[in-house]
1. Could you tell me the calculated FRET efficiency between residue 122 and residue 156, based on Cβ-Cβ distance and R0 = 22 angstrom, to the nearest 0.05?
2. How long is the gain from residue 288 to residue 163 if the chain were fully straight, where each residue apart is worth 0.36 nm and the alpha carbon distance is subtracted?
3. Could you pull the Cα extents of the stretch 41-310 along its three principal axes, largest to smallest, in whole Å?
4. Could you calculate the FRET efficiency of residue 391 with residue 35 from 1/(1 + (r/R0)^6), where r is the beta carbon distance between them and R0 is 35 Å, rounded to 0.05?
5. Order 344-352, 228-236 from most to least packed using the mean count of other Cβ atoms within 10 Å.
6. Between residue 193 and residue 206, what is the label-point separation in nm under the 7 Å Cα-to-beta-carbon projection?
7. Which shape class, rounded, prolate or oblate, goes with the chain when its Cα gyration tensor gives a ≥ b ≥ c as root eigenvalues, a/c under 1.5 marks rounded, and past that a/b bigger than b/c marks prolate?
8. How many nm is it between the label spots at residue 402 and residue 276, if each spot is 7 Å from the Cα in line with the beta carbon?
């Protein structure tokens, strides 16, 4: 252990922390760089799932089909086809029924069907998948069961199938209500259709209804963004995610910008202003801030799956391309659909890769879950690291407070609006400093120095 490390490299620019705390955002601080996957992932997976756990546990089911590839999306895999999707569901059900992981946890607290577009499945296939999950997993009595969907194609028959099968939460990808902006990015439904669809879902009153919006889109003005937030707040929704645009390298959006078909995405200071404006509007309407990008309008929205995953819960993964977690081991199911289905037929859990746990992953989980939720108990962090860590860290925490990123109350720090916006940078710094303090060396993370220009 060492108490001597360079904290100044992690200082923020205090002149305008919201817009210019750091030169750029650290988007994925949890990614381990330079780490080799474990050998023999199939046998290692069986070893991991054979061990009972008392950790919180969730399940993720991947449906890798979409009607079209929206420009801003980095998760597109396969174009939807009824026959192909039915065949995929047949194999997915076999995977769920035969996976020994279902015996690992006595309680599954949340299930999430994501993609892709799960609502692209037929009503019958939606019921089959959800029914298989309920029959094979030990779901908690209050288990949150979420299905992702989009307005186009999510008809009454599919919605009824979800609710009748036991879904209690539906998340709709809206991104923007602005019709012209939506069409530019490959979204089909117009503003009137979206409002009608969301209102109809809410009027059923059979489950939690949430949507997500994105700020920083090319061509999106602050006025357009604020109108989206106000419209969202006026509906009977239970929750909303306000996401900052991520431009995936070599993705369709990046290529369109590079070719000049679309303008550049909003600059970082403007994105920060949009985040602040969205936060102020939605909270002025009485919504509660649950975590960095998510707000709840009432008491029944919990956003349980996302909160537990960010805090390091075990995650059972099903479906081609799905990602999971077992005792700190990240794993990925075979993303090649043909290979995935062949391996299912051969009686194999089609695991493609398992990564070893990050060193001190319990401390990292506490940091990630705490900062994501806007509150970190440094005393609890010291318990998971070593005596003296909080004292060694205090000059940095004090600087973050002076810069306007956090507020300290005893051993607990809470995030300001600027802190929420830069939360992944704070996480990345704490991850690196944990590694230095405990091991005398830094983990392989990108560096994010402050800047006074924000450029």
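Read-outs: derived from the displayed coordinates by stated rules, not from any lab. What you see is a predicted model; the values in this text were computed from it and never measured. Cβ atoms come from the backbone with ideal geometry, glycine included; neighbour counts cover every protein chain shown.
1. Values: r = 13 Å, r/R0 = 0.61.
That pair, residue 122 with residue 156, gives E of 0.95.
2. 42.4 nm
3. Here the spans come out as 52, 42, 36 Å, largest first.
4. Working: r = 30 Å, r/R0 = 0.86.
So the FRET efficiency works out to roughly 0.70.
5. Numbers: 344-352: 15.9, 228-236: 18.2.
For the peptides 344-352, 228-236, the packing ranking is 228-236, 344-352.
6. 2.2
7. Verdict is oblate for the chain.
8. Once both label points are built, they end up 2.1 nm from each other.
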